[in-house]
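Structure first, then comments.
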There are 2 protein chains.
Amino acid sequence: MAKVNSPPLTPAGFQVLLAIARGHAHGYGIMGFVDEVTGGSVQLGPGTLYRTLARLSADGLVEEAPHRTEDEPHDARRRYYRLTDLGLRVARREAALLQRLAAESAEAGLLGERARTA
Amino acid sequence: MAKVNSPPLTPAGFQVLLAIARGHAHGYGIMGFVDEVTGGSVQLGPGTLYRTLARLSADGLVEEAPHRTEDEPHDARRRYYRLTDLGLRVARREAALLQRLAAESAEAGLLGERARTA
DNA sequence: CTCGTTCTATCCATTACGGATATATCGAGA
DNA sequence: TCTCGATATATCCGTAATGGATAGAACGAG
């Protein structure tokens, strides 16, 4: 049985995995997605982004994919990525943790019931 | 109107705020709660924990609370904390972001549908 | 009184982050 | 075709966050 001991995933690392899972396959697109989905409260600069992509790739969580000649007009500068099997498992595990924390947050009264009195 | 520009919240910072919101008011108890609620996948060592508490306190997100002489048998070593109004707002905002990310994870198929084929 | 546990606190090495900078390609338009 | 701003990737560097080791005081059981 393969070790499921995944290498530690950084916050930025999860953002990137999530963006790729959502179909944003190249670096620049990932930046925009993260900014948008978090309402601007998380912003990956180029430094963090490409360093994170390199680490995820070295850890075997993502791999470079061939250019998609279909819909996209083929931009030679772009590098596309996709999740590996391991990357998918890691992303799922992290997503489950997030869900758990969101549930705890709800238990703690941190969700919903906003400005009830005011 | 007060600035809502909260100081940046670190991952460890949110864990601590959540633990306090859940009623774990002193450092050592927070360590145990975080370990437990995350199934051991997040572990705050003493270094991170107390440094984080100090920073949260300096930023006005938490404040020290008087010892609870009621249920607890009074342990003079313990230091109790509670959320400030600002801390509560920040925790809520972060919890909402978490929820959003969990929802995106679901959209990406990272939640549920586990080992369908196997 | 003694000892193991609880609890807070600080120090240090490693790592992650954020932003500036560099460079190359693309597409629009003169 | 030549120029220029926007797109896209990549690296560098200073700052901050993390993890783990270490220290030491107060607690409770025996």
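Computed quantities for the displayed model
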read-out	value
Tally, over segment B:31-41, of residues that are more than 13 Å from every other protein chain (Cβ to nearest Cβ) and buried (at least 20 other Cβ atoms within 10 Å of the Cβ)	1
Matching residues, segment B:31-79, being under 14 Å from the mean Cα position of the chain (by Cα), in contact (Cβ under 8 Å) with a residue 40 or more places away in the chain and closer than 16 Å to B:ALA21 by Cβ	B:THR52, B:LEU56, B:LEU61, B:VAL62
Residue under evaluation A:GLY40, criteria (1) on the phi < 0 side of the Ramachandran plot; (2) more than 10 Å from DNA strand C (Cβ to nearest atom); (3) small (Gly, Ala, Ser), criterion not met	(1)
Residue in segment B:61-74 that is closer than 23 Å to A:ARG100 by Cβ and at pLDDT 95 or above present	yes
Search result, residues across segment A:1-27 that are part of a helix (DSSP H, G or I) and modelled with pLDDT under 95	A:GLY27
Which listed residue is open to solvent by less than 40 Å² (accessible area, probe 1.4 Å) and within 30 Å of A:ASP85 (Cβ to Cβ), from B:LEU18, B:LEU110, B:LEU44	B:LEU110
Segment B:89-106: number of residues that are more than 7 Å from every other protein chain (Cβ to nearest Cβ), crowded, with 19+ Cβ neighbours inside 10 Å and farther than 14 Å from A:PRO11 by Cα	1
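The values are calculated or read from the model by the stated rules, or taken from the named source; none is laboratory data. Predicted, not measured: the structure shown is a model, and the values here were computed from it. Neighbour counts run over all protein chains shown; Cβ positions are idealised from the backbone, glycine included. To get the accessible areas, we keep the full protein, side chains included, count just its heavy atoms, and leave off ligands, DNA and RNA. Shrake-Rupley method; radii C 1.70, N 1.55, O 1.52, S 1.80 Å.
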